[in-house]
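Participant: Okay, here's the structure, questions in a sec.
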């Protein structure tokens, strides 16, 4: 299983009833593995020596009404490789929970905040997640997508992934918000391989707004 060394934010926005994940990494197509979300259910980021089943199984647990901390505990209890994992979870009520295994490569850790958690591994320093959390806590009236992007930008400005940049992704879900109202994916954008993935992701968000509106 590949090592997904990255920094991410998982969050809930009560004003728009949206759940989202934003992630950046020195890892090809990080958006294909780390972010998971379902409207009215919650959101998950699975990273470090990532276990992709944490996404599908975790959402199934959230669908049953379990709290974020219970989902984290349940996923880890069934995983013998738990100490190599990193996980962030937001439940349907916006409660946050996270885990960083003792065997994740340094610097690795997480920060919990109101309706969000920020986590990362192989980071320049703990300032990366601290600055991400500060960005998420500042001006909560901003559009949800802008807050998620600001968190990524703050993490990168603080040093980001110590190996450099390669990929980024943004996933936001809200009931009936997808194309034609037929899906819940309000925003689902990925930059798989780029020298400045955050800049490219921000450009794509701008195009998305031009086409689909806010």
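Participant: Quick check: is even one residue across the stretch 72-91 farther than 13 Å from residue 46 by Cα, part of a loop (DSSP other than H, G, I, E, B), touching a strand residue (DSSP E or B) at 6+ places or on another chain (Cβ under 8 Å) and modelled with pLDDT under 95?
Facilitator: no
Participant: Does residue 63 fit the bill of being over 27 Å from residue 161 (Cβ atoms) and surrounded by fewer than 15 Cβ atoms within 10 Å (Cβ to Cβ)?
Facilitator: Values: over 27 Å from residue 161 (Cβ atoms): yes; surrounded by fewer than 15 Cβ atoms within 10 Å (Cβ to Cβ): yes.
For residue 63, the condition - over 27 Å from residue 161 (Cβ atoms) and surrounded by fewer than 15 Cβ atoms within 10 Å (Cβ to Cβ) - is met.
Participant: OK, next. In the stretch 174-196, what residues are in contact with a strand residue (DSSP E or B) (Cβ under 7 Å, 6 or more places away or on another chain), part of a loop (DSSP other than H, G, I, E, B) and closer than 15 Å to residue 18 by Cβ?
Facilitator: 174, 177, 178, 184 - these are the residues of the stretch 174-196 that are in contact with a strand residue (DSSP E or B) (Cβ under 7 Å, 6 or more places away or on another chain), part of a loop (DSSP other than H, G, I, E, B) and closer than 15 Å to residue 18 by Cβ.
Participant: Looking at (1) in contact (Cβ under 8 Å) with a residue 40 or more places away in the chain; (2) more than 10 Å from the chain's Cα centre (by Cα), find the lone condition where residue 88 falls short.
Facilitator: (2)
Participant: For residue 146, state whether it is assigned to a helix (DSSP H, G or I), within 20 Å of residue 14 (Cβ to Cβ) and free of Cβ contacts under 8 Å to residues at least 12 places away in the same chain.
Facilitator: Criteria met by residue 146.
Participant: Which condition does residue 73 not pass, out of (1) surrounded by fewer than 22 Cβ atoms within 10 Å (Cβ to Cβ); (2) in contact with a helix residue (DSSP H, G or I) (Cβ under 6 Å, 6 or more places away or on another chain); (3) within 21 Å of residue 12 (Cβ to Cβ), if it passes all the others?
Facilitator: The failed condition is (2).
Participant: Further question on the same structure: From 7, 27, grab the single residue that is touching a residue at least 24 places away in the same chain (Cβ under 8 Å) and in a loop (DSSP other than H, G, I, E, B).
Facilitator: Selected residue: 27, the only one of 7, 27 that is touching a residue at least 24 places away in the same chain (Cβ under 8 Å) and in a loop (DSSP other than H, G, I, E, B).
Participant: Suppose we filter the stretch 197-214 for residues that are farther than 25 Å from residue 26 by Cα and outside any loop (DSSP other than H, G, I, E, B); how many remain?
Facilitator: Total meeting the criteria: 4.
Participant: I need the full set of residues from the stretch 41-56 which are buried (at least 19 other Cβ atoms within 10 Å of the Cβ) and in a helix (DSSP H, G or I), in order please.
Facilitator: Scanning the stretch 41-56 gives 54, 55.
Participant: Scan the stretch 122-143 for residues that are under 15 Å from residue 23 (Cβ atoms), in contact (Cβ under 8 Å) with a residue 24 or more places away in the chain and outside any strand (DSSP E or B) and jot them down.
Facilitator: Scanning the stretch 122-143 gives 122, 128, 129, 132, 136.
Participant: Scanning the stretch 92-107 for residues that are over 17 Å from residue 20 (Cα atoms) and over 15 Å from the mean Cα position of the chain (by Cα), which turns out surrounded by the most Cβ atoms within 10 Å (Cβ to Cβ)?
Facilitator: 104
Participant: I'd like to know if the stretch 160-171 contains one or more residues that are touching a residue at least 60 places away in the same chain (Cβ under 8 Å) and closer than 24 Å to residue 69 by Cβ.
Facilitator: Looking only at the stretch 160-171, we keep the residues that are touching a residue at least 60 places away in the same chain (Cβ under 8 Å), and these are 160-161, 163-171.
In the following step, the residues that additionally are closer than 24 Å to residue 69 by Cβ were identified as 171.
Checked the stretch 160-171: at least one residue is touching a residue at least 60 places away in the same chain (Cβ under 8 Å) and closer than 24 Å to residue 69 by Cβ.
Participant: If we keep just the residues of the stretch 151-173 that are modelled with pLDDT of 90 or more and in a loop (DSSP other than H, G, I, E, B), which is nearest to residue 127 (Cα to Cα)?
Facilitator: First pass over the stretch 151-173, keeping only residues modelled with pLDDT of 90 or more: 151-159, 165-173.
Those still in the list that are in a loop (DSSP other than H, G, I, E, B) too: 158-159, 165-166.
Values: 158: 6, 159: 8, 165: 17, 166: 20 Å.
This residue is 158.
The values are calculated or read from the model by the stated rules, or taken from the named source; none is laboratory data. If you're wondering where the values come from, they're calculated on a predicted model, not measured in any experiment. Cβ coordinates were reconstructed from backbone atoms using ideal geometry, including for glycine residues, and neighbour counts include every protein chain displayed.
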